[in-house]
Amino acid sequence: MKIFKSLIVYLLICLFSLPGLAQSDTTRFTNHGPQLFASMIQGSVFAKDKNGNDLVYTVVRGEPAHLLGYDIKTKELILDRALPKADGAWDLAQSSDGTLYAPGANGSLFAHTPGTQEVTDLGVALEGETYLWSLTPGEAGEVFGATYPGCRVFRYHPKDGFSDVGRGALVEKENYVRSLAFYPKTGMLYAGVGSQAHLIEIDPKTGAKTEILPEKFKNYEFVYGLEIVPGKDGNDRLFALITNGSITLVYNLKTRGFEQEIEGMDMRAIAGDQDGKAVYYTSKSTLRSFDPAENETTSQVFGEEVGTANAFKIAEDGQVYFLTSGANLFAFDPSDNSLEKTKLKIPAQPIPIHSLLTAPDGKIWSGGYLAGGNATFDPATATHTFLPGLDQTEAMTVQGDQLFFGVYPKGKFYVFDTKQEWKPKEGNPKFLGQTEGQSRSFAQVSIPERRLMVFGMIPEYGKLGGAMATYDLAKEELKFFDSPVAKQSIASLIYTENYVLGGTTISGGLGKAPETKEAVLFGWDPATGETLFDTVPVPGASALTGMIKGPDGNIWGMGDGTLFIFDPVKRKVLSATKLYDFPAFKSHIWRSAFLVLHPDGNIYGSDWEKLFKLDPNTLELTQLTKDAALLIMGKDGKLYFKRGTELWSYQP
């Protein structure tokens, strides 16, 4: 036995002595916990259990997301189950056999029987498809689902499993099937595609596909929502939301012609009564209804300030129920036009940290993914403060006592005066502006000596070419400039030698494949918007990120795992050294490496889910830990990074 124990000890010593397996000092790491919480609900549906009880289900975002079920009569929460590894779900559907379906993580599908407490992971719907968007019930217990990035549609049946309805991509070179609707009278399936809009009619039995979107809408982004409502004399109608422009097309499924173009109609959910005399929907926070055979301009308003409907149900007695994105459950009685509201209690969930910043007072700021919101962590007191009001913050930058925010969607910019209270509704943070066709600003640089901010952008869905923007603090003026490198977006910025040095990414907005092969380093004059020069520091790199002023006074940055050093005076690449393997390019890359030059003389970085230390003299790299993203240095010299929803620090 002693010999056996000695052998085990010897093997363990050998194991931890192997190169690349050195253990970091775990006492240097501190978990400061989740920073941001939200009660943001997404996919919602009204359903019945096996006893005929009326229920409403929704999914609250988080890591993990939770499937919630409520009794419509009592308003009580009857189900709260985590959806393992999923961070949300855009849709829910109940099939004709009573099974409730929800999208899962990495392209998987969950199943739940209403009235029970069980949720089952059915596995990946279609190999290679990493995200599921819309779900719609078909016939005899089947359900159909929409996928990304292969632009495909699957069918699931408990007896048959998964199958590929369209026999491949519905539209070549497109990534998204964003919406689905099934028409029982013909057995046809309708699919909305993006990021170049298409509306496809599919025969799920043969896979035959027909484009029905009018030519005038082919340059729009998405067919984002689809709903079918009954009509009189068999004139049932398909409602299709087209973005950008928020136009809802009305297609008569009997005559096969488009009848209306409606502006401002919320299309997360609508519902039509069985007589075909009324379709209910929300628009600009009002509850409305009109006869689908008539023009939408004849609609009547039955409720003000109700919000946006996530799901509708018209009961057998004519009562109209709807759940809004604000978690309000409404009951509308058409007989007397009465409207009742109940606020459902949504358990808040932690959401991923999406951006980090060290503020002038030493607090660590974070921005939340998708659900938005911001938070601060004070290292001196270990206190957390949640600051609601802004959408998803892509990046933050400091100048003086002001914090600047690049916010998604629609490429918005805000500034916060830290000397005043956080009051978004009263203009602090203050909205600075936005520009058409641009979506996200990950790249930002502050130039105090010029009293100028410079932002680099990623374009909207389906577009290439990220704009540049400047904000003059003295003039309070926001300006936009065309992309300095054709068909590329801006991944990183730094100010040096009286010009802005930028690194690009070959990616554009989601749903658009790159048309260039390698990222470019460019010089840019913030006064004129002129591109001064460009060069390729890392041949074949998809993005250039993490630029800092290195210990030698030159600019150090990363391109797909390769360190490049650039002389900003001579405007010359001095070296390019591969530090680690980098994954092959897939759909897009906007952010990658984050580098920090620490007072201890080392460079610290995060990239490809690891935190590392780099000796600037030998370029020897030491991995400190896995599962690390983003990176900033606090006033206390600690390095702060994120692991999903949690803020972590490392003391060098």
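The values are calculated or read from the model by the stated rules, or taken from the named source; none is laboratory data. In this text, all values refer to a predicted model and were calculated from it rather than measured experimentally. Counting neighbours? That spans all protein chains shown, and the Cβs are built from the backbone with ideal geometry, glycine included. Side chains are part of the model used for accessible areas, which takes the heavy atoms of the whole protein and leaves out ligands, DNA and RNA. Shrake-Rupley method; radii C 1.70, N 1.55, O 1.52, S 1.80 Å.
Looking at LEU55, LEU77, LEU67, LEU36 in this structure, which one is open to solvent by 10 Å² or more (accessible area, probe 1.4 Å), among the hydrophobic types (A, V, I, L, M, F, W, C) and out of contact with any helix residue (DSSP H, G or I) (no Cβ under 8 Å at 6 or more places or on another chain)?
LEU77
Which one of these does VAL398 not meet: (1) without any contact (Cβ under 8 Å) to a residue 60 or more places away in the chain; (2) over 19 Å from LYS635 (Cα atoms); (3) assigned to a strand (DSSP E or B); (4) open to solvent by 30 Å² or more (accessible area, probe 1.4 Å)?
Of (1) without any contact (Cβ under 8 Å) to a residue 60 or more places away in the chain; (2) over 19 Å from LYS635 (Cα atoms); (3) assigned to a strand (DSSP E or B); (4) open to solvent by 30 Å² or more (accessible area, probe 1.4 Å), only one is false for VAL398: (2).
Filter region 604-643 down to residues that are open to solvent by less than 20 Å² (accessible area, probe 1.4 Å) and among the acidic types (Asp, Glu), then give me how many there are.
Of the residues in region 604-643, 1 are open to solvent by less than 20 Å² (accessible area, probe 1.4 Å) and among the acidic types (Asp, Glu).
Taking region 561-595, which residues are open to solvent by less than 70 Å² (accessible area, probe 1.4 Å), small (Gly, Ala, Ser) and not in a strand (DSSP E or B)?
GLY561, SER587, SER592, ALA593
Take region 507-560 and flag every residue that is in contact (Cβ under 8 Å) with a residue 40 or more places away in the chain, in contact with a Pro (Cβ under 6 Å, 6 or more places away or on another chain) and not in a loop (DSSP other than H, G, I, E, B).
Result: LEU521, TRP524, THR531, ILE555.
Kindly indicate which of LEU501, LEU493, LEU473 is farther than 30 Å from THR243 by Cα and open to solvent by less than 10 Å² (accessible area, probe 1.4 Å).
On inspection, the qualifying residue turns out to be LEU501.
Go through (1) open to solvent by less than 40 Å² (accessible area, probe 1.4 Å); (2) out of contact with any strand residue (DSSP E or B) (no Cβ under 9 Å at 6 or more places or on another chain); (3) not hydrophobic (A, V, I, L, M, F, W, C) one by one and return the number of the condition LYS487 breaks.
Condition (1) is where LYS487 drops out.
Which of the residues spanning region 80-109 are crowded, with 24+ Cβ neighbours inside 10 Å, among the small types (Gly, Ala, Ser) and part of a loop (DSSP other than H, G, I, E, B)?
Residues satisfying the conditions are ALA86, GLY88, ALA89, GLY104.
Which of (1) within 25 Å of the chain's Cα centre (by Cα); (2) over 24 Å from GLU227 (Cα atoms); (3) not basic (Lys, Arg) is the odd one out, the single condition ALA169 does not satisfy?
With (1) within 25 Å of the chain's Cα centre (by Cα); (2) over 24 Å from GLU227 (Cα atoms); (3) not basic (Lys, Arg) applied to ALA169, the lone miss is (2).
Out of all the residues in region 135-169, which are in a strand (DSSP E or B) and acidic (Asp, Glu)?
Scanning region 135-169 gives a single hit, ASP164.
State the number of residues belonging to region 527-546 that are touching a Leu at 6+ places or on another chain (Cβ under 6 Å) and farther than 13 Å from GLY557 by Cα.
Of the residues in region 527-546, 1 are touching a Leu at 6+ places or on another chain (Cβ under 6 Å) and farther than 13 Å from GLY557 by Cα.
When region 596-622 is examined, which residues are found to be more than 28 Å from the chain's Cα centre (by Cα) and assigned to a strand (DSSP E or B)?
If the condition is that a residue be more than 28 Å from the chain's Cα centre (by Cα) and assigned to a strand (DSSP E or B), then LEU597, ILE603, LYS613, LEU614, LEU621, THR622 are the ones that fit.
Listed residues VAL124, VAL165; which is β-branched (Val, Ile, Thr) and crowded, with 20+ Cβ neighbours inside 10 Å?
VAL165
Kindly indicate whether any position in region 354-375 is of a type outside the set (Gly, Ala, Ser), surrounded by fewer than 19 Cβ atoms within 10 Å (Cβ to Cβ) and touching a His at 6+ places or on another chain (Cβ under 9 Å).
Yes.
When the residues of region 289-315 are filtered to those that are open to solvent by 20 Å² or more (accessible area, probe 1.4 Å) and within 20 Å of TYR183 (Cβ to Cβ), which remaining residue is nearest to the chain's Cα centre (by Cα)?
Going through the qualifying residues, I end up with PHE312.
Residue by residue through region 172-183, note down the ones that are on the phi < 0 side of the Ramachandran plot, touching a residue at least 40 places away in the same chain (Cβ under 8 Å) and either under 27 Å from the mean Cα position of the chain (by Cα) or open to solvent by 20 Å² or more (accessible area, probe 1.4 Å) (or both).
Matches in region 172-183: GLU174, ASN175, TYR176, VAL177, ARG178, SER179, LEU180, ALA181, PHE182.
Considering region 260-288 alone, what residues qualify as being closer than 17 Å to LYS313 by Cα, open to solvent by 10 Å² or more (accessible area, probe 1.4 Å) and in contact (Cβ under 8 Å) with a residue 24 or more places away in the chain?
ASP266, MET267, ARG268, ILE270, ALA271, GLY272, ASP273, GLN274, ASP275, LYS277, ALA278, TYR280
Quick one: how many residues across region 184-241 are hydroxyl-bearing (Ser, Thr, Tyr) and crowded, with 19+ Cβ neighbours inside 10 Å?
Qualifying residue count, region 184-241: 4.
Are any residues in region 170-194 more than 21 Å from TRP90 (Cα to Cα) and outside any strand (DSSP E or B), and if so, which ones?
VAL171, GLU172, LYS173, PRO184, LYS185, THR186, GLY187 - these are the residues of region 170-194 that are more than 21 Å from TRP90 (Cα to Cα) and outside any strand (DSSP E or B).
May I ask you to list pairs of residues, at least six apart or on different chains, whose Cβ atoms are under 8 Å apart, with the first in region 355-367 being at positive phi and the second being outside any strand (DSSP E or B)?
That search, which allows pairs on different chains as well, returns GLY362/PRO379; GLY362/ALA380; GLY362/GLY634; GLY362/LYS635; GLY362/ASP636.
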